[in-house]
There are 4 protein chains.
Amino acid sequence: MVKAAVMGAPQKPLKVQEFPQPELEPGAILVETIYSEVCGTDVHLHHGQLAGVPYPIIPGHVSVGHIARLAGEVTDVEGNALHEGDVVTFLDVHETCGRCWFCLVAKATTRCPSRRVYGITYSADEGLLGGWSQAIYLKPGVKVIRLPEELTPERFIAAGCGLPTAIHALERAQVQLGDSVAVQGSGPVGLNAAILAQLSGATQVIVVGAPQARLEMALAVGADHVVDIEQYGPEERVTLVQELTSRRGADITIEATGNPVAVLEGMQMTRDNGRFVVVGQYTDAGTVEVNPHWDINRKHLEIRGCWGSDFSHFYRGVKVVAKHGERFGYERFISRKYSLEEANQALADVEELKVVKAVIEP
Amino acid sequence: MVKAAVMGAPQKPLKVQEFPQPELEPGAILVETIYSEVCGTDVHLHHGQLAGVPYPIIPGHVSVGHIARLAGEVTDVEGNALHEGDVVTFLDVHETCGRCWFCLVAKATTRCPSRRVYGITYSADEGLLGGWSQAIYLKPGVKVIRLPEELTPERFIAAGCGLPTAIHALERAQVQLGDSVAVQGSGPVGLNAAILAQLSGATQVIVVGAPQARLEMALAVGADHVVDIEQYGPEERVTLVQELTSRRGADITIEATGNPVAVLEGMQMTRDNGRFVVVGQYTDAGTVEVNPHWDINRKHLEIRGCWGSDFSHFYRGVKVVAKHGERFGYERFISRKYSLEEANQALADVEELKVVKAVIEP
Amino acid sequence: MVKAAVMGAPQKPLKVQEFPQPELEPGAILVETIYSEVCGTDVHLHHGQLAGVPYPIIPGHVSVGHIARLAGEVTDVEGNALHEGDVVTFLDVHETCGRCWFCLVAKATTRCPSRRVYGITYSADEGLLGGWSQAIYLKPGVKVIRLPEELTPERFIAAGCGLPTAIHALERAQVQLGDSVAVQGSGPVGLNAAILAQLSGATQVIVVGAPQARLEMALAVGADHVVDIEQYGPEERVTLVQELTSRRGADITIEATGNPVAVLEGMQMTRDNGRFVVVGQYTDAGTVEVNPHWDINRKHLEIRGCWGSDFSHFYRGVKVVAKHGERFGYERFISRKYSLEEANQALADVEELKVVKAVIEP
Amino acid sequence: MVKAAVMGAPQKPLKVQEFPQPELEPGAILVETIYSEVCGTDVHLHHGQLAGVPYPIIPGHVSVGHIARLAGEVTDVEGNALHEGDVVTFLDVHETCGRCWFCLVAKATTRCPSRRVYGITYSADEGLLGGWSQAIYLKPGVKVIRLPEELTPERFIAAGCGLPTAIHALERAQVQLGDSVAVQGSGPVGLNAAILAQLSGATQVIVVGAPQARLEMALAVGADHVVDIEQYGPEERVTLVQELTSRRGADITIEATGNPVAVLEGMQMTRDNGRFVVVGQYTDAGTVEVNPHWDINRKHLEIRGCWGSDFSHFYRGVKVVAKHGERFGYERFISRKYSLEEANQALADVEELKVVKAVIEP
C-alpha cells in the first residue's frame, strides 16, 4: 500500500490515506517520493481560492524521487533512457496539448486550456497524482528530468516551484549586464528571482519584503539592499528604491507578492522605459487603482504579466541550480521537513510565514 | 512683419500679434508656413493641463512650409543640402541632448529631460517657435525633412502629429502578419493607428470610438469593424471585440483615447498573451481600478506605455504617407482649414469633436 | 479506385497509378483534391537532391480539396467541428513531436527530428500521403484549416507553399514601417516575399531576379523596382540596390534564390546594421566565399537562416491571402493547370522557369 | 612638458616625445594618466592595417587617470560634477554625431560616420589624444565615468577595451539562463566574453583558443572546458564542442579570434536555431568559404556581426567589473606593465601572445 496526505475539501484538515500500489500503463513511471514541496499555492488550495479543483486531491506539484518502476522503455526529452533507481523530477504541468490555437499560433503554452497540473487539477480518485505521497504515478508523456549528479534532491527541492516560476519571470524581464533589479516579495519566488537576477547580469538587486528572517535570507543570497515593508510605508519604499538607483528607479522590477497594491508600487519604483514583470498575482486578491498617465504612458513603461511556466523553464532551472546551487546555499531555504502526518502543520507554518520553504518527506 | 496666433495664458482667447522678421543665426532656417496642425494637445494647452508651459506661446507643433531663408549651408539627416523654396517639415522635438543617461544608456530619448518642443515648451518671447504663424524660426540643429515630390503639404498635414505618434505605437505593438488589432479611439491618433495596423500586417482592424462621423471615417480608411461607444457600454464593447476574434480578444490593442477607464477595457479586450499599447494617456485624467490577477498576470499580458516620438518615427511617417497617403485618402481627415484669426474657433471645434482634423493656414 | 501520380525513383518519369479507396482510422479525414501544387522542391525530389526520401512517393505537399469523409468528430485548431464538403487545406508538416528538446527547450519546431512531410517523406506504400492524387488521406492529428468563404481554392493554391515560407521569412525579417526591402529571387517564394514585405510596412521593395516575365509579375504585385540578373552582374546589382537606397543598401534583404553566391551579394546589398534573411538555400548547391570583416562584422550585420515553416505561418498565410489575395491578383501566378497525366510536363515547365506556378488538377 | 609615446608611421619604432602642457578650452579636462592599455588594435595600427589613420598618433584608446585640471564645470552623464583628483576613465569613441541617419533612424551609433576614436583616428598633431602619454586631453563632450570606489584603476585597465567590446557581444548574444556558450578565442575579448557569459546566465562555457597559458586563465576565470587549437584541428574542435553539448552544438557561440576560418567553425559548433556573434573580425584578414545550405539556412542559424561599442556598453562594463572584478581576479590578466619607453616591447609582446594584457604606466 502507498500512504498519501489527502486534502478532502477546502478548509478541512488533510488526512493520511492508503492507496493500492498502482498498475502501470505502457510508458508510465512510478516514482518513490524523496521530497515534495509545500508552497503558497497549497495554502490557496486549502482555502479553496482556486477555481475548478477536483477535491479530494493529493497536493504537491514539485517533487523529487527515485524511479521505482517503469512500464517499458521511457526516455527523457533528450532521448536518454530512464532506469529504475534514477533520481528524477518531473514537470507538474501535464497535457499541454500541442494542437490548440494557444499552443500553435500564439505559442503561449502556459495558456493552453487542456493543461492539467499534478497536485492541483487531478483528483485523488484518479490516482497518485500529487507529491505528498510515498509514490507518484507519472502518466505516459509526463516530462521527466534526471537530476545531474552534482545536484542533491535536497538542494533541488529547496529551490522548488519558485525556481521555474522565477526563471520564466527573468525571461520576461530581459535583464542586461549592469542593470539594477528590484524584487517585490521575499518568499520562495522572490528569493529565487533575487538569485536569478544576479545570474542574469544585474549588478544591483534590491529586495522589498518581510519578515526580517526572509530579508536576512535575501542578503545571504546576495541581495545588495533590502527594504522592510513592516518598517516603511508604500511611498517610502518607492523613495528608497529611487534613492538607491540614482533617483531614477530600478531598470527592472519583479513583483512576487500576491498583493494587488504591490503592482502600483512596482510601477512607481521602476524607472522610465524600464520593465515591470508581474508574476505574483496568482489568485484574485482584489483590485488596485493606477494612474495610466503617470504610471504607464508617460513613464514609457513596459509591464509584463507572467503566467505559469513551461518545460523550458523547468529544464533551465535544473541546469541553474545544479551549477550555482552550492554558491547560493539553497538548502538554507528549507526551514523544516515534515512527515505526511504533519502536512497540516506544514500548511499552517507556510501560511504564517514561519518558514521560507516547507518540505514533505513522506 | 510676421503675424502669429498667440496663446497668452490658459483659458484666454488667442490673439493674432505681429513679430519682426527674425535674423538668422548660422545654421538656422526660416520657414514660411503653409499649414500647421491643431491637435488635442493644443486644447490641453488652452486648458492649462500641461505642466511647465511658458505662456505666452505660439502653438502648433507639426507644420509644413517653404524654406524662405537659410543661414549658411544646412543639410537634412541624410546629408543632402537644403535650399530656398524646398517644401519641408521638421521634428517639433528639439534639444534631445544625446549626452544624458536616458539618451545614452537607456536609449529612451523621448524621456530625455532636455527635450524642448516647438509650439509647446518655447515661449513666444523666445521667437517664432510655433507653427500658428506666418513664419517659423528653425534653430540650428532642428531636424528637417524635405517632403517627397509625391507628397502634398495637404496630405502630410492631414496625417499630422498623430502619424509619428501612431508609428511609435505600432513599433511598440509589433504586429505580425495575420494579427487582429483593436484600436480604442477614433481621433487622429486612433485613425492613424487603424491605417498603420493594416500596413503592418493586421488582417482585422476593429476601431472602438465615437462619434459616428469618425467611425465612418475609420471604415473608410479600411477598418473591418467599428464599435460605437455611444451605443455600447464598457462590458458590451469587450464582448463585441471578443466575438469578432474567436472569443479570445484581439492579438493587439492600441489605446488612443485619453480616458483612464479605456485602459482597463483595453486589457480586457486583448487576448491572453497579447500586447496592449497605451499611447493616449497624454495628460493626467485620473485613475482606473484594475485587477492584476485577471487583467495582467493570468492573462500573461504585455502592456507597453508609449511616450512621444523621436526622429525615426517622424522620418518613417513621412515615408509611409508619401507611399500610401493616396490609397487611404488622408486629405479627408481635414474637416476644415482656419486662418490665424480663426484659431479660437479651431480649438473649439477640435474640443467638441466637430472635426477630425483642423488645420491652420496662416 | 483513386488515381495518383507516383514518382517511383529519382530521374524516372512519373506514372499515374490506381490505389484502393482507403479505410479511415479514427480521427482521419479523406480529402478529395481540388488542386495540388508543383514547386521547386518537387524538381529537387525528381533529381534526387533531397536525402532520405522513401521513393516511390506521391508528390504534392500543399493542396486544397473537399472533405469527402471523416472518421468521427474532427476539429480544427480553434475547436470548430469539420464537416463533409468543407473546403480545406492542411499543414503538410506532420508529426512535429512536441516532446523533444527542439520542440520544448529550443522552441524551434521546424528542427524537430520527428517531422514528416506530406508529399516528401512519406512513401506511396504508406498510403495517399501526397497531393498529386484524386484523394489525400489525412492522418489523425494533421492540422486542417477550412478556407474562409472569401478565399477561393484557386487563389489559395496560387499562393502555394511559397506563402508560409515567406511568412516565416518575413517574421524573421522584422520589417518596420518605412523600411526598404530587397528580395533576391522572383520565384514563388520571392514573389510572396515581395507582397508580404509591402504588407509588413515596407515602403520600398526591390526584386532582384529573372526571367523578365517574373520581374513583370513582381512589378504587377507592387514591387517598386526590379533588377534583372540576366542584364546586370553581381557587382552592378549591389550598386543598383545601393543607389536606390541612398547609397546605404536595403534595410532588409531576403534571399530566395537557391544560389549560394546570392548569399554574398545579399550581405553586400544590405545596409550596415540591417538584417539579411536566408530562406532560399533549401538544398546543398555548393559554397560561397565571404569576407567576415567587411561582410559581417564591420557591417554589424544580422543574418538569419530560416528553415521550413510551422502551423502559425500556415495559419497566418491563410488569413493574409484571404484578406489581400484579390488586391494582389494571386491567381495570375498560376501559369497553367495540369492533369495527373501531365505531371512530368509540369515538372519540366517548373524546372525551365516557363511558369511562375504550376498546379495539378487531378 | 608632457611625455608621450608616438607612433610616427606604420612599422617604425615608437619614440617618446615631449609636448607642451595644453591649454584647456571650456568644458575640456586634462587627465594625468595612471594606466593605458595595449591591445591587439595597437598591433594592427603598427602594421598599418587600419585605413584612414592620421599618423603620427599617440596610441592608447582605453585609459584611466586622475583629473588634473578642468575648464569650468563638467559633469558626467548622470549630471554629477567632476572634480580635480577624481579617478576617471572615458569613452574613447568621440564625436558620435547624434544628427545623422545612422544615429537617428538606424539607431546604430557604432556606424556613425562622424565617429573619432582616441588613440586611433586623432593625430598627435591635434593634441594629447591618446593614452600612451603622461596626460590626456579630453575634449569638451568626451564622456567621462568616475571609477566607483571599490574599483581600482589596475582592475579596470585589466578588463580593458575587451570589456565593452564583450559587453556589446553579449548584448547581441542574448544568453538565457541555462544556456551553453562557446567562445572562440582566448585573448582579452574572449576572456571577457567567457566571464560575461557566466554573468549572463550561461551554465556551461567552453573556450576554444591558445596558447596554453591563456586557456589556463580561461579555466581560472570559470570556463567549464577549454579546447586547445594547437592540439585539435578544425573538425575535431567542432566535434568536441558538440560532444560537450549533447551532440547539438552550443546554444550560443561568440567569435573573438580575428581569423576568418573561425567564422565557419563557429557556425558549425552552434546548434540549430542558435546564435553566433562575430565580434573578432576587426581587420580584413581574408575570406572563408561557407555552405549556406548546411551552415545557415538548414540550421536556422542567427549570425550577428558586432561592431565597436557605445557609451552604454562602456558604462555597463564599469558596473560589471566594479561588482564582479574581485571574484574573477581581473588583475591576473595584466602580465606586465611597461613604461612609455618600453612601448615597442609592449607591442612585440602582445603580437607574440607572450602576455594576456600589456599595460602602459607612463
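A short reminder: the numbers here are calculations on the coordinates, not readings from a lab. Since we're looking at a predicted model, the values are computed, not measured. For neighbour counting, all protein chains shown are included, and Cβ atoms are generated from backbone atoms with ideal geometry for every residue, glycine included.
Normalising by the residue count of segment C:163-305, find the relative contact order in percent from Cα pairs under 8 Å and 6+ residues apart. Walk me through the numbers on the way to the answer.
Working: 310 pairs, mean separation 31.7, N = 143.
For segment C:163-305, the relative contact order is 22 percent.
For segment C:163-305, just run the numbers: alpha carbon Rg, then divide by 2.2 N^0.38 Å, N being how many residues it has.
0.92
Of C:VAL290, C:LEU240, C:PHE156, which is farthest towards the positive pole of chain C's charge dipole, taken about the Cα centre with +1 and -1 on the beta-carbons of Lys, Arg and Asp, Glu respectively?
Working it through, the farthest residue towards the positive pole turns out to be C:VAL290.
Using a label point 7 Å beyond Cα on the Cα-Cβ vector, give me the inter-copy distances for D:SER335 in nanometres, one decimal, shortest first.
Reported distances to equivalent positions: 5.5, 6.3, 7.6 nm.
Please tell me the relative contact order of segment A:224-362 in percent, rounded to the nearest whole number, where contacts are Cα pairs under 8 Å and at least six residues apart.
Contact order relative to length: 15 percent.
Packing-wise, with mean Cβ within 10 Å as the measure, how do A:280-290, D:11-21, B:160-170 rank, highest first? All intermediate terms of the calculation are to be shown ahead of the outcome.
Numbers: A:280-290: 19.4, D:11-21: 14.1, B:160-170: 28.6.
In decreasing order of mean packing, A:280-290, D:11-21, B:160-170 become B:160-170, A:280-290, D:11-21.
In whole Å, how far is the Cα centre of segment C:273-322 from that of segment C:50-90?
If we compute the Cα centre of each part, the gap is 29 Å.
So what's the net charge close to A:LYS3: Lys and Arg +1, Asp and Glu -1, counting the other residues with Cβ under 14 Å from its Cβ?
Spelling it out: positives minus negatives among the neighbours equals -4.
What are the residues whose amide H is under 5 Å from the amide H of D:TYR35, where those residues sit 5 or more places off or on another chain and H is modelled from the backbone?
D:VAL64
Taking each label point as 7 Å beyond Cα in the direction of the beta carbon, state the distances from B:LEU353 to the same residue in the other copies, shortest first, in nm.
Counterpart label points of B:LEU353 in the remaining copies fall at 4.7, 5.7, 7.2 nm.
Taking amide H atoms as placed 1.01 Å from N in the peptide plane, list the residues 5 or more away in sequence, or in a different chain, whose amide H sits under 5 Å from that of A:THR253.
Amide H neighbours of A:THR253: A:ALA182, A:ARG275, A:PHE276, A:VAL277.
Based on other C-beta atoms within 10 Å, arrange C:SER312, A:SER123 from fewest to most.
So the ranking, lowest neighbour count to highest, is A:SER123, C:SER312.
Report, for C:GLU236, each distance to the same residue's label point in the other copies, shortest first and in nm; define the point 7 Å along Cα→Cβ.
When each copy's label point is compared with this one, the spacings are 5.0, 6.6, 7.8 nm.
Per DSSP helix of 4 or more residues, -39500 (n - 2.57); summed, then divided by the residues of chain C. What does that give at 222 nm, rounded to the nearest 500?
-8000 deg cm²/dmol
What does the average come to when, for each residue of peptide D:224-232, you count the partner chain Cβ atoms lying within 10 Å of its Cβ?
Average neighbour count from other chains, rounded to a whole number: 0.
From the C-alpha coordinates alone, can you work out the Kirkwood hydrodynamic radius of segment B:204-287, in Å?
For segment B:204-287, the Kirkwood estimate is 13.0 Å.
Would you mind pulling out the separation of the Cα centroids of segment D:241-262 and segment B:187-208, in Å?
Using only Cα atoms to place each centre, the spacing works out to 44 Å.
Considering the rotational relationship between chains C and A, which residue of chain C contributes the beta-carbon of minimal distance to the axis, and what is that distance to the nearest Å?
It is C:GLY98, 2, counting Cβ atoms only.
Label point 7 Å out from B:ALA71 along Cα-to-Cβ: which residues of segment B:6-32 have amide N under 17 Å?
Output list for this probe position: B:20-32.
Just order C:301-307, D:29-35, D:233-239 by mean Cβ neighbour count inside 10 Å, highest at the front, would you? Don't skip to the answer; put the middle values down first.
Working: C:301-307: 25.0, D:29-35: 23.1, D:233-239: 15.0.
Sorting C:301-307, D:29-35, D:233-239 by mean packing, highest first, produces C:301-307, D:29-35, D:233-239.
Taking each residue in A:278-291, count the Cβ atoms of any other chain within 10 Å of its Cβ, then average. What number comes out?
6
Given the protein assembly as shown, what percent of its DSSP beta bridges are antiparallel, to the nearest 5? Each step should come with its number before you reach the end.
Details: 132 of 236 bridges.
Antiparallel bridges: around 55 percent, rounded to the nearest 5.
Taking a ≥ b ≥ c as the square roots of the eigenvalues of the Cα gyration tensor of the protein assembly as shown, is the shape rounded (a/c under 1.5), prolate (a/b larger than b/c) or oblate?
rounded
For chain D, restrict the atom set to alpha-carbon positions and state the Rg and Dmax in Å.
20.3, 62
Shielding by partners for B:195-204, please: the mean number of other protein chain Cβ atoms within 10 Å of each residue's Cβ.
Taking all residues of B:195-204 together, the mean is 5.
For segment D:305-355, with the dipole built from +1 on Lys and Arg beta-carbon atoms and -1 on Asp and Glu ones, taken about the Cα centre, which of D:LEU347, D:GLY325, D:PHE311 lies farthest toward the positive end?
D:GLY325
When ranked by the protection proxy of mean other Cβ atoms within 10 Å per residue, highest first, what sequence do the peptides A:258-268, A:55-65, C:248-258 form?
With the highest mean Cβ count within 10 Å placed first, the list reads C:248-258, A:55-65, A:258-268.
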